[in-house]
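*Asks:* Please read through the structure below; I'll follow up with questions.
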Amino acid sequence: CCVLQLSLYLQSHTELLDAVTQVARVLDLLCERMMKQKDTNQVLAIKFHYLASLVRQCHKSREQHGDNLQTWLKSMLKGMPGDGFPENQERFIRSTLRDFPYFECDLLQQMVRTLSKVAIGDDPPALHLLASTLNGQKFASEDHIECSTCGRMNKNPKKCAQCKMVTYCDKSCQQLHWFTHKKLCKRLAERYKELEVERREAEERAREEEEEKRKRLEEMEKEAENGDAGTSPPEADNEGDTSQSQAVTDIDKGQAGDMSSTVDTAPKVAPVKCDSEEGTPMPPVSLGGGDQQTDQTAATVQEE
């Protein structure tokens, strides 16, 4: 939606300017439809109004000067004395928004409130605000750089050979912008040299910091190696091993003694005798201290 980019398109398609009445009328009707339909589309309504205003202004400039929009293009590129900010382009966009016929539009009110707090030449400019409103937020890419004349994004832009601070699509854009850029080119060239000095100093500081970090790491590695070489493993404690072995031996002996006492104290059981006639085993008889009835039973068995 850059003013210069659209103006260059109209310059190469003069048939649109020849039929300016019909073109502007169609754009106005589309704007009205977007606002009066059930589901309003405020973004498209503002875009159609902006295009209609631009077509009318380009036609008016061509009728006044008859130079195929060269005067109009230069007026849009003319920069402020201090920083080259395109003042006329800023004023045109603000006046276009002010002439929008549907004041109840929430999107328009938001844009007007934002621009009312920004002086001409400050950020955000009206062009960037309008572009973000109509096209949405777009993130800049390092591979694509904006042309200083028409605003088109280019992957391989051409830089000014003297200042190296402004970029263009091609030679035609550079020639069109030169009348205003030449006032700032020398100053921008000096600024470019200052930035190069700052960049080299920053790179040198970064290299020095990297070298210091590398040296510290090497010193830490050497200290770690020296510490590992001067440290020997602890000697084995023979006394502790001997006492441990003696304790194990004592435990083994104690377990053997307990088992012997268990065997000695176990009650003795008489061998089992079988009945010669039936062959049924007899119940075992304890030999050590039963009651009197058990003794009598044993005596009876012996007599038989």
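FYI, it's all coordinate maths here, none of it is from the lab. A quick note: this is a predicted structure, and the numbers were derived from the prediction, not measured. For neighbour counting, all protein chains shown are included, and Cβ atoms are generated from backbone atoms with ideal geometry for every residue, glycine included.
*Asks:* So what's the projected area for segment 25-76, the Cα convex hull averaged over all directions, in nm²?
*Replies:* 3.9 nm²
*Asks:* Under a cut-off of 21 Å between alpha-carbon atoms, report the lysines in cross-link reach of Lys78, not counting same-chain residues fewer than 8 places apart.
*Replies:* Lys60, Lys158, Lys159, Lys164, Lys171, Lys182, Lys183, Lys186
*Asks:* What residues have an amide H closer than 5 Å to that of Asn154, excluding those fewer than 5 places away on the same chain, when H is modeled at 1.01 Å from N in the peptide plane?
*Replies:* Excluding prolines and chain starts, which carry no amide H, the hits are Ile145, Glu146, Cys147.
*Asks:* Karplus couplings for segment 115-124 from phi (6.51 cos²θ - 1.76 cosθ + 1.60, θ = phi - 60°), rounded to Hz, Gly and Pro as x?
*Replies:* 6, 5, 9, 10, 6, 5, x, 9, 8, x
*Asks:* Next up: Can you tell me the length gained on complete extension of the stretch Lys159 to Gln64, counting 0.36 nm per residue apart and subtracting the Cα distance?
*Replies:* Gain on extension, Lys159 to Gln64, equals 30.8 nm.
*Asks:* What length, rounded to one decimal in nm, is gained on full extension from Gln175 through to Glu225, with 0.36 nm per residue of separation minus their alpha-carbon distance?
*Replies:* The Gln175-Glu225 span can extend by a further 11.3 nm.
*Asks:* Apply the Karplus curve 6.51 cos²θ - 1.76 cosθ + 1.60, θ = phi - 60°, to the phi angles in segment 211-219 and return the couplings in whole Hz, x for Gly and Pro.
*Replies:* Rounded to whole hertz, the list is 5, 4, 5, 5, 5, 4, 5, 5, 4.
*Asks:* Something else now. Roughly speaking, what is the stretch gain from Lys183 to Glu32, that is 0.36 nm per residue apart minus the C-alpha to C-alpha distance, in nm to one decimal?
*Replies:* Gain on extension, Lys183 to Glu32, equals 50.0 nm.
*Asks:* A further question on this structure: Cys160's amide H: which non-local residues (gap 5+, or another chain) put their own amide H closer than 5 Å, with H modeled 1.01 Å from N in plane and none for Pro or chain starts?
*Replies:* Those lying under 5 Å, H to H, from Cys160 are Met165, Val166.
*Asks:* Take the alpha carbon gyration tensor of segment 1-88, find the square roots of its eigenvalues, order them as a ≥ b ≥ c, and report rounded if a/c is under 1.5; if not, report prolate when a/b exceeds b/c, else oblate.
*Replies:* Here segment 1-88 falls in the oblate category.
*Asks:* So for the pair Leu195, Val43, with labels modelled 7 Å out along Cα→Cβ, what separation do we get in nm?
*Replies:* It is 3.2 nm.
*Asks:* Another question, if that's okay. Given axes a ≥ b ≥ c from the Cα gyration tensor, I'd like to know whether segment 1-153 is rounded (a/c under 1.5), prolate (a/b larger than b/c) or oblate.
*Replies:* oblate
*Asks:* Let me ask something additional. Among Arg91, Arg113, Arg62, which comes first, then next, by fewest other beta-carbon atoms within 10 Å?
*Replies:* Arg113, Arg91, Arg62
*Asks:* Next question. Taking the Cα-to-Cβ direction at Glu209 and at Val118 and moving 7 Å from each Cα, how far apart do the two end points lie in nm?
*Replies:* Here the answer is 3.4 nm between the modelled labels.
*Asks:* Evaluated at 37 °C with a viscosity of 0.692 mPa s, what Stokes-Einstein diffusion coefficient in µm²/s does segment 117-193 have when Rh comes from the Kirkwood expression over alpha-carbon pairs?
*Replies:* Rounded, D is 235 µm²/s.
*Asks:* Report the relative contact order of segment 3-138, percent, no decimals, based on alpha-carbon pairs under 8 angstrom and at least 6 residues apart.
*Replies:* Relative contact order of segment 3-138: 22 percent.
*Asks:* Each residue of segment 146-157 in order: what ³J(HN,Hα) in whole Hz does its phi give by Karplus 6.51 cos²θ - 1.76 cosθ + 1.60, θ = phi - 60°, with x for Gly and Pro?
*Replies:* After applying 6.51 cos²θ - 1.76 cosθ + 1.60, I find 6, 6, 6, 9, 9, x, 6, 7, 10, 7, 10, x Hz.
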